[in-house]
1. List, please: which pairs have Cβ atoms under 7 Å, are six or more places apart or on different chains, and start with a residue in the stretch 700-722 that is open to solvent by 70 Å² or more (accessible area, probe 1.4 Å) and end with one that is assigned to a helix (DSSP H, G or I) and aliphatic (A, V, I, L, M)?
2. Taking the options ASP682, ASP744, ASP699, name whichever one is touching a strand residue (DSSP E or B) at 6+ places or on another chain (Cβ under 6 Å) and not hydroxyl-bearing (Ser, Thr, Tyr).
3. So which residues in the stretch 316-357 are β-branched (Val, Ile, Thr) and either open to solvent by less than 10 Å² (accessible area, probe 1.4 Å) or at pLDDT below 95 (or both)?
4. Would you pick out the residues in the stretch 175-191 that are touching a helix residue (DSSP H, G or I) at 6+ places or on another chain (Cβ under 9 Å), buried (at least 17 other Cβ atoms within 10 Å of the Cβ) and of a type in the set (D, E, K, R)?
5. From the list ALA143, ALA174, which residue is more than 30 Å from HIS226 (Cβ to Cβ) and under 18 Å from the mean Cα position of the chain (by Cα)?
6. Scan the stretch 661-676 residue by residue and report those that are assigned to a strand (DSSP E or B) and of a type in the set (S, T, N, Q).
7. Spot the failing condition for TYR761; the list is (1) open to solvent by 50 Å² or more (accessible area, probe 1.4 Å); (2) within 26 Å of the chain's Cα centre (by Cα), and only one is missed.
8. Is it the case, given these coordinates, that LEU697 is surrounded by 15 or more Cβ atoms within 10 Å (Cβ to Cβ) and either of a type in the set (A, V, I, L, M) or under 30 Å from PRO767 (Cα atoms) (or both)?
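The values are calculated or read from the model by the stated rules, or taken from the named source; none is laboratory data. Since the model is a prediction, treat every value here as computed from it, not as a measurement. We place every Cβ from the backbone using ideal geometry, glycine too, and count neighbours over all the protein chains shown. Note: areas computed on protein heavy atoms with side chains; ligands, DNA, RNA excluded. Shrake-Rupley method; radii C 1.70, N 1.55, O 1.52, S 1.80 Å.
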Amino acid sequence: MNNNNQLPLEGVRVVDFGQQIAAPAVAMTLADLGATVVHIDPPQGPQWDHPANAVLNRNKSCLRLDLKNESGLSQALRLIEEADIVIEGFRPGVMQRLGVDFDQLRQQRPELITLSVPGFASNDQLRREWKATEAVVAATSGAFTDMGFNRILMGKEPSFSPVPLGSSYAVSLAASSMVMALLEREKTGRGDKVEVPVAAALMEGLSYNSFVIDDIPERYKTMREHEIEYRKNNGIKMDLSYEALQEYLDPFFRTYDCADGRKFYCVCPSHRNHAKRALQVLGVYDELMAEGFPDVKNLHLPIAEWDGETSIGVYPLPKKWADRIAAKMKKAFLEKSSDEWGKIFGETGIPGAPHRSTEEWVNDEHTNAAGLIVEVKDPEYGDMKQPGPLVWFEQNSDALLTPRPRKAVSFDEALAELQEVAERSTSDRPTGDEIRPISGKGWLDGFKVLDLTNVIAGPHSAAFLGRFGAEVIKLDPVTPLYDPLIGTLYSFQTDMGKKKALLDINTNEGREALNRLIRSVDLVLINAPDRQMKPLGLDHDSLQTINPGVLFCRLDCFGGPRRGPKTDYLGYDDIIQANSGIMTRFGGKDTPEEHAHVGTLDVNCGFAAGMGVALAAYHKLRTGTASRVRTSLSAVTNMAQIPFVFDFEGRPPFNEASGRESLGNHALSHFYETSDGWIFMDSDLSEMDRLTSIEGLADIRQASDRYNYLQQAFKLASSEYWTTVLHQADIAVATPNSIETLRDQNSRIADGTPGIDSGSYAFSIYPDHPSGHCFTQIDHYSIRPSEASIKAVASTERFGHSTREILSGVGYSAGEIESMIERGIASLNWGREFLPS
């Protein structure tokens, strides 16, 4: 077989017991990449009866088995005998009670890889037995309470969103773990038993919402934060309207009305060039400069040393200038339609995009041309638009754009399919007595990465690899591109565990140093559009000339397996939120609002890129082929919206719960106020008998207005009462936690462990952080193998801290390094302070 045409997971056999979203989506991701997947449903069919199952089960052979009878269990175990990977997503212990014991199976076949994706961790003694639906995990984990500054100022708490963030993060993390376990098995012959709790995955995904920097300088507080503090200190109600709230947003980070009556989201704060270009295409730059807008040359100096009060590229701007600039930008945006501005911004290299609905995203010219949306002829729904792949190889991306529709098979057909794949597959991995003992090493020990990324998604992907033992060199420019809020503050998480150097690669000497670094690593990582690859010398031929066999991973904003009209557009998380319908769903059609969590898509794009890195390494080990692997924020938004991102003739309306007044999916899946707080009950009509058995809810079946009935009933008792009786009836329910409460209850001084033994929630406090500030953050703890080790990575070092060490490591003498520093080709820092005051 031509290795360039071989999908990376061809020959891998998977048995998928998953239900709902997370576990089946992991198996779908593996199937998209070439794995042969047999999906098993219970006799009555999927637990979640939804058109999205056509997406989740594409490329799979599906059958129904009853594991509660001897015949069904026997058939399930026979299929597992032919599998490389087994996946389940039930509550801890359920599969074992049904007769599928992963520990026992791996004793018999140590090459087997197993994956469990429970809602809460198996070592979470409080919650492990809860019925952990998507909404219950979100409510428990603070995702419905800490919905950002907007919701605080509008007095909207709790809030609700139907976007399955927990599952979307769990999919990327769990699929990554499976590929890394396959990589390790190729070397040692050993599989692994892995757990990825959805709650832990969600917390890692929301990491930029839960960190705390003690005594953070005032310059990093936005206008919204100042207003929240003012209102709290003066006892003023949080009651801003949507319209009033807009005036507390930075002019380069907000929504504008356009000539066509639609809205446009501008996202270009913190980057001097992006903000300047925006003002220029809007026709207000010269006017603003004439009014005396300051220009601070070095934003990484303490504010007290600035040569002006603010500057283009500062985020957040002081209110005086923010109001003045916003007024000019509002007037200018009204001169053209949202589509016109989208094209102008995209072709001029300015981050921004029109607000659109998910229905428009699914049927958009770009998403369809680029392979971000693909067509599948489903046996139930016919011609169906579905999300494209989460990651892909550049050399054979077309092979991923024609998924096979789900197929119903018999047990004999499923078994034969797995056996036929085994007969065709070849591998040199150790087997039988040659399988090596448990090493206790990380899956990526010794794997070297050169990180050329910036902001969140790219750097987060490299930081993600560190927990598995990867060695990462982070290379940044001598002169920073971003102001300290984006460029430095976010690096506290994105650059953990990395050695960091500053180098001017636009000089001949700097380029030679970059080439030496490329020769020293296994993979080069960058986040940039395709049009920048040749000028940077990072196209395939150039890279292979420098280091034959080096791997490459690239993330971008609008990229897909094929080129489309927007392929080279710049962008950030927020732009794809706006353009793909997340903001319209969250805020409502006429008042779109950023999904409150910072890095909602960015972090998951980083996780997906990590999976891509592991895929490239696995494929090279098996075939010798050096691949270029890709993902994008656009691919990731499809996973985040998997219950909605599809279309077919006769599809029900795109009318899922949306808007800030929405507090649930329907009357049985909704927030309700109790006598002393709130609960979220997540039930459906199939559980009516259990609901009527609960004291206080006996008449729910007969109620003509179930929402009103439950609203009155739940107010008659406490949250503790209702959660107790509903749990006893095995009804999904939770009280909404805040992230602050979870952090207070589950933090410890950093102790060199990754937190995987701490249940569903674990934070570490770094009192001696290199920044000089005490820093608290969520642990890197969601992926939990039983044999491979997970490393607690070191705190982020300041930019340029390891410049000398890194250059010395690629052959430069001490004298050469000092000369490069003196001439500005290399540098040791961006300023006197790590986080400028």
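1. Note: pairs meeting the criteria are ARG701/MET688.
2. Values: ASP744 fails: touching a strand residue (DSSP E or B) at 6+ places or on another chain (Cβ under 6 Å); ASP699 fails: touching a strand residue (DSSP E or B) at 6+ places or on another chain (Cβ under 6 Å).
Only one candidate qualifies: ASP682.
3. Here is the first cut: in the stretch 316-357, the residues β-branched (Val, Ile, Thr) are 325, 344, 348, 350.
Those that are β-branched (Val, Ile, Thr) and either open to solvent by less than 10 Å² (accessible area, probe 1.4 Å) or at pLDDT below 95 (or both): ILE325, ILE350.
4. ARG190
5. Details: ALA143 fails: more than 30 Å from HIS226 (Cβ to Cβ).
It is ALA174.
6. Of the residues in the stretch 661-676, the ones assigned to a strand (DSSP E or B) are 664-666, 669-673.
Listed by number, the residues that qualify are ASN665, SER669.
7. (1)
8. On the way: surrounded by 15 or more Cβ atoms within 10 Å (Cβ to Cβ): yes; either of a type in the set (A, V, I, L, M) or under 30 Å from PRO767 (Cα atoms) (or both): yes.
Judged against the criteria, LEU697 is a match.
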